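The values are calculated or read from the model by the stated rules, or taken from the named source; none is laboratory data. Please read these numbers as outputs of a predicted model, since none were measured by experiment. Neighbour counts are summed over all protein chains in view; Cβ atoms, including those assigned to glycine, are modelled from backbone coordinates with ideal geometry. These area figures cover heavy atoms from the full protein model, side chains too; ligands, DNA and RNA do not enter into them. Shrake-Rupley method; radii C 1.70, N 1.55, O 1.52, S 1.80 Å.
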Amino acid sequence: MATAPKEAENAIGLEEIHMERQEPPKGQKTFTVEEAVETIGFGRFHILLFLIMGSTGVAEAMEIMLIAVVSPLIRCEWQLQDWQVALVTTMVFFGYMVFSIVLGLLADRYGRWKILLLSFLWGAYFSLLTSFAPSYIWFVFLRAMVGGGVSGHAQGLIIKTEFLPIKYRGYMLPLSQVFWLAGSMLIIGLASVVNPTIGWRWLIRIASIPGIILILVFKFIPESARYNISMGNVAAALATLQKIAKMNGVAMPEGVLREPAKERRGRFKDLLHPKYLRTTLQIWIIWLGIAFAYYGVILASTELLERDLVCGSPAPPVQDSGDDSEESHSPCHCRLFGPAAYQTMIISTAGEIALNPLNIVGINFLGRRLSLSITMGCTALFFLLLNSCTSSAGMTGFLFMLRALVSANFNTVYIYTAEVYPTTMRALGMGTSGSLCRVGAMVAPFISQVLMNASFLGALCLFSSVCAVCAISAFTLPIETKGRALQ
């Protein structure tokens, strides 16, 4: 029964790519990159890899979350309307979406390391330029360019995935969320000090520093051995594996490194090949829905916290004009963040690490598909619970749980996507998924900041319905990657 599918898969492989086969001398031992990675195991190199590649999450979180803490000030400075503020976030993710596909293609052709370095140089350059933006139009354009650079940070995750042994991937990759949390906390903390004193332009300049530092330390991380071997560069792959083995203090496998080199790189139409079509379409749906929910929660936090003052009200209450606190309307008709707002943002952001231990257990024992289905279903439920009348503390608790759940969703889908595609199209698969992810992020501001004011329950039902669809899509994914070797 298993013979026919196996033969079909082999036929597809022969149809897609031509393999160079060099038979080793009779009796000579050989090993593949996969076998070498498993033999070398986990050690000092992987700790260094985790720290450096994981830190890309700090830089990415600071650049993405920057808009949330800068928006009130640019609204005041340039007298912006609600839709103009929402457009800034949308254009950041538009740049991310466009460049995700381009950089994914380039990474599969020219290497993960080169594209990662290019993306950080690009992002740091345009981020610094943003701090000198003379007008709203220039600000929007430059932040879109920053979004394009940030889209290449996903190559750091791919490099980590391709160097980690099977049994460690389900543990180490979710722990990378700690770096995203650190970046989010750092930018909120900096904003609470820098914004009221030296202004948002200096906040942007300071936020670009982690990315610049990472550019200097990337030289300690080699190109993926899996990528080199897929390009036929056996010598480079072997040198990398030997260096890792030496750092970890273990011996290489006996024999000669042998693995067929693939002459043709992955193309977009390969993602839609019958072998991957269903998986690709369902992954795209999940990525879109997760981003839609994640950024919807972030951008709607203020409206959600305000609503509990008038339970059942379709819109947030109007502030007393006599309120002269920092969070009241300023003379230029903008709403500035005060200490309470920053505190609420920090508490809800801390939720992103709350379910990490349970998420790791679920990924490794329940599998990627079932774990993702459960967390997506719970996300749908908590969106509906936001409509219940509760105290401010209760609403903060719901937001805390939502941030924890959507963070767990991201962890799982990142791992699954990196594992399900072969090396020749792994970066392309991540890039296209990242693009669909940003479509959800582009729509979220207008649902959270426009539709929610018109129909609070309607917006929540929309978020919940999308998450329910994603839960079903995750449960019915055709391939489980738990314990599966990278192809």
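Taken along its principal axes, the alpha carbon cloud of segment 100-216 reaches lengths of 48, 30, 23 Å, longest axis first.
For the residue pairs LYS29/LYS219; LYS29/LYS243; LYS160/LYS243, the alpha carbons lie more than 26 Å apart in LYS29/LYS219. Determine the distance separating the Cα centre of segment 190-229 from the Cα centre of segment 100-148; give it in Å without decimals. Result: 13 Å between the Cα centres.
For PHE31, the amide hydrogen comes within under 5 Å of the amide hydrogens of VAL256, LEU257, ARG258, counting only partners 5 or more places away or on other chains and with H modelled in the peptide plane. Using R0 = 25 Å, the C-beta based FRET efficiency linking VAL102 and LEU281 works out to 0.70. The packing ranking of peptides 180-192, 404-416, highest mean first, is 404-416, 180-192, where packing means the average number of other beta carbon atoms within 10 angstrom of each residue.
Based on protein heavy atoms only, segment 29-260 ends up with 38 Å² per residue of surface accessible to a 1.4 Å probe.
If the chain linking VAL450 and LEU175 were pulled fully straight, counting 0.36 nm for each residue of separation and taking away their Cα-Cα distance, it would gain 95.5 nm.
Residue-wise HN-Hα couplings along segment 369-381, as the Karplus relation 6.51 cos²θ - 1.76 cosθ + 1.60 with θ = phi - 60° gives them from phi, are 5, 5, 4, 5, 4, 5, 5, 5, x, 5, 4, 4, 5 Hz; Gly and Pro carry x. Summarising the label geometry, the points placed 7 Å from Cα in the beta-carbon direction at LYS246 and ALA393 lie 5.9 nm from one another.
Here VAL256 and GLN81 are evaluated by their C-beta separation; at R0 = 56 Å the FRET efficiency comes out at 0.25. Sorting 362-371, 96-105 by their mean Cβ neighbour count within 10 Å, with the most densely packed peptide first, gives 96-105, 362-371.
All C-alpha to C-alpha distances of segment 29-260, sorted into 5 Å bins beginning at zero, yield P(r) values of 1, 7, 14, 16, 17, 13, 10, 8, 6, 4, 3, 1, 0, 0, 0 percent in whole numbers. Placing pseudo-labels 7 Å out from each Cα toward the beta carbon at PHE220 and ARG201 gives an inter-label distance of 3.5 nm.
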